[in-house]
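In what follows, a single structure is set out as structure tokens and then discussed.
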Amino acid sequence: MEKKNLDWANMGFGYRKTDKRFVSTFKDNKWDEGALIEDDMITMSECACVLQYAQTCFEGLKAYTTADGRIVCFRPDLNAQRMFDTCARLEMPQYPVDKFVEAVVKTVKANEAYVPPYGSGATLYIRPYMFGINPVIGVKPADEYQFRIFTTPVGPYFKGGAKPITIRVSDFDRAAPRGTGNVKAGLNYAMSLHAIVSAHREGFDENLYLDPATRTKVEETGGANFLFISKDNKVVTPKSDSILPSITRRSLMYVAENYLGLEVEQREVYLDELTDFAECCLCGTAAVLSPVGKIVDHGREICFPSGMEKMGTITQKLYDTLTGIQMGTIEAPKGWICEIK
């Protein structure tokens, strides 16, 4: 299929309507077969459950053009499983994992002309989401739902390369103990909006959220997990029941151990030990890895030896290896790459 005539190299990270989106409806206790449609508008009651009680969840993944010209997605089965788990927590009907992957493949295939060419720095962002759509006035789950997937071509999250960012220790809590922090619920992100706006107003790029019970342990930011590199090159990531199980983080930990031969550890990470680390970064679908140069804890600066000019050495190796796997220049572990045929 011929590509759209877009300025791929200068594309920003924003929404652009593409030709098709996938829609499946849950009604009378069952999902229909779903279909690709052209209409990007959604019509619903003013009393729809999603509008009243925020019963919604979402996922995010990407499609890439590889070095040899194939179009692929990265581990969509894990996104499918995570949404499956999220729906159970939010009392929403679970969309089957295999059907989820099939729908992703269909949607990307239908929008193949929008998948940016290899080497452009751009990708096709894929957004699966689900919400309660029937009118609900009493506080209870909806009876009818829509599962949808749209796509949009996006440029690199960081124009001109990923420069180390400065983040602050937030006074706000991201999630409650035994709450919804470990699922990808839309309400979690609404909770973080005030904190991120105020962080930007004060000159910071992001927030570091501490555990809400003791406020002594590192959890995550509003939309990414942490990775730390110790001074003896061990890769450490925080362990907590109230952070999102990032697919990118899990993939990076595997890469660190099995491709780079590094020791990896998932454990509780305390705020007062951050000065012991050599490198710090955030990881997620949008940017893969975002280096952190400085964390500010109420005026106290924690500066990482990797500095404020570029990624640390180990962070760069992790980034290069994972993106090489995604783009097809490095052989992927079995099952990680889903080819769009």
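The values are calculated or read from the model by the stated rules, or taken from the named source; none is laboratory data. Computed from a predicted structure; not experimentally measured. Here the Cβ is made from the backbone with ideal geometry for all residues, glycine too, and neighbour counts use every protein chain on show. Note: areas computed on protein heavy atoms with side chains; ligands, DNA, RNA excluded. Shrake-Rupley method; radii C 1.70, N 1.55, O 1.52, S 1.80 Å.
Over all projection directions, the Cα-based convex hull of the chain averages an area of 17.5 nm². Distance check, please: which entries in K62/K294; K30/K99; K3/K109 exceed 20 angstrom between their Cα atoms? As for pairs spanning more than 20 Å Cα to Cα, those are K62/K294. Of F147, C338, Y270, which is farthest on the positive side of the dipole of the chain, counting Cα position, with +1 on Lys and Arg Cβ, -1 on Asp and Glu Cβ, and the Cα centre as origin? About the Cα centre, the residue reaching furthest to the positive side is C338. Reported value for the stretch 197-341: 133 Å³ per residue, from the convex hull of its C-alpha atoms. Ranking G69, W31, L51 by Cα position along the charge dipole of the stretch 24-70, where only Lys, Arg, Asp and Glu carry charges on their C-beta atoms, puts G69 farthest toward the positive end. Rounded to the nearest 20, the Cβ-based charge dipole of the stretch 1-86 about its Cα centre (Lys and Arg +1, Asp and Glu -1) stands at 280 debye. Calculated on C-alpha atoms, the gyration radius of the stretch 51-138 divided by its Kirkwood radius gives an Rg/Rh of 1.07.
Long hydrophobic helices in the chain, taken as whole DSSP H segments with a C-alpha length of 15 Å or more on their own axis and mean Kyte-Doolittle hydropathy at least 0.0: 97-110, 186-201. Where only DSSP H runs of four or more residues are counted, the chain gives -7000 deg cm²/dmol as its mean residue ellipticity at 222 nm, each run worth -39500 (n - 2.57). Considering only protein heavy atoms and a 1.4 Å probe, what is the carbon-and-sulfur percentage of the accessible area of the stretch 75-184? The value for the stretch 75-184 is 53 percent carbon and sulfur by accessible area.
Taking only protein heavy atoms and a 1.4 Å probe, the accessible area of the stretch 240-287 is 41% carbon and sulfur. With protein chains left intact and a 1.4 Å probe, residues in the chain average 46 Å² of accessible area per residue. Taking each residue as 0.36 nm, the span from T329 to A88 lengthens on full extension beyond its C-alpha to C-alpha distance by 83.0 nm.
Residues of the stretch 291-324 with the amide nitrogen closer than 12 Å to a label point 7 Å from the Cα of R215, along Cα-to-Cβ, please. Backbone N within reach: 298.
Using the alpha-carbon centroid of each, what span in Å lies between the stretch 238-275 and the stretch 155-200? Cα centres, the stretch 238-275 to the stretch 155-200: 18 Å. Placing +1 on the Cβ of every Lys and Arg and -1 on the Cβ of every Asp and Glu, with no other charges, gives the stretch 76-199 a dipole of roughly 360 debye about its Cα centre.
Summing Cβ point charges (Lys, Arg +1; Asp, Glu -1) relative to the Cα centre of the chain gives a dipole of roughly 420 debye.
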